[in-house]
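A short reminder: the numbers here are calculations on the coordinates, not readings from a lab. These numbers come from a predicted model, not from an experiment. Because the Cβ atoms are built from the backbone with ideal geometry, glycine has one as well, and the counts that use them run over all protein chains shown.
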Amino acid sequence: MNFDISRKKMVQEQIVARGVSDRRVIDAMLKIPRHIFVQEAFAMQAYSDSPLPIGEKQTISQPYIVALMTELLALTGTEKVLEIGTGSGYQTAILATLSDRVYSAERIRPLALRARKCLDSLKLFNVQLRINDNEGSPIGWEEAAPFDAIIVTAGAPQIPGILIDQLAPGGRLVIPVGSDSEQQLLKITKDENGEIESSVSVACRFVPLIGKQGWQN
């Protein structure tokens, strides 16, 4: 299987055709090899229009959703970004390609360690990765705040106030919010006065956000 051809087809048919137009996002999706972030048994399906299991009852998101969430962050290359839920590390790699620094937190140790290896193999050394395997720990990365952009890759029952606090003035937060089985993808912007504005993008379905201000495991 020619992964380069499959990746180009994925971007054209699944991402550009659905309205993602940010050229930097498109180029990042063309550059990052999604197949290295999935289990070997699923490598041939890596560029399919669907999420895939990555072990530990977690998934790698559908490519379109990765592209859409990244586009909503409106990254220019100078940002400090917080990611809640490293997972496979694929979204992390896209963010690292498009921003200055990425701080990524993952609660499942084996996934975090595997993601680190993938990121290092691509020489994406602008990612700090932390394992938050204590469900009582506050969400986010308070000591590194504020962040210009925050992305949450798990479904939350509500917008976590602690993440709003960690968002810099002018910052953007993209997060799925709703029930544990279906959510709405929200973009929250924080203006220079600290005022919050929220807009709905699309319906989506993510694994639940576990811990404080999330769902109980």
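Tabulated results
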quantity: FRET efficiency estimate (nearest 0.05) - Cβ-Cβ, Asp27 to Arg109, R0 35 angstrom; calculated: 0.60
quantity: Full-stretch length increase - Lys117, Thr189 - with 0.36 nm per residue and alpha-carbon distance subtracted; calculated: 22.6 nm
quantity: In region 50-204, lysine pairs with alpha-carbon atoms under 23 angstrom apart (chain gap of 8 or more, or interchain); calculated: 5
quantity: Separation in nanometres of the label points that stand 7 Å from Cα toward Cβ, at Asp165 and Ser50; calculated: 4.2
quantity: Kyte-Doolittle at least 0.5, axis length at least 15 Å by Cα - qualifying DSSP helices, the chain; calculated: 63-73
quantity: Loop trypsin sites (Lys or Arg not before Pro), region 65-167, which have at most 16 other Cβ atoms in a 10 Å radius of their Cβ (DSSP); calculated: Lys123
quantity: FRET efficiency, 1/(1 + (r/R0)^6) with R0 30 Å, evaluated for Ala43 and Ile131 via beta carbons; calculated: 0.70
quantity: Calculated [θ] (222 nm, deg cm²/dmol) that DSSP helices of n ≥ 4 give over the chain, each run adding -39,500 (n - 2.57); calculated: -7000 deg cm²/dmol
quantity: Separation of alpha-carbon centers, region 116-157 and region 21-55, rounded to whole Å; calculated: 19
quantity: Relative contact order %, region 146-217, counting alpha carbon pairs below 8 Å whose residues are six or more apart; calculated: 32
quantity: Ordering of 57-70, 175-188, 19-32 by burial proxy (mean other Cβ atoms within 10 Å per residue, highest first); calculated: 57-70, 175-188, 19-32
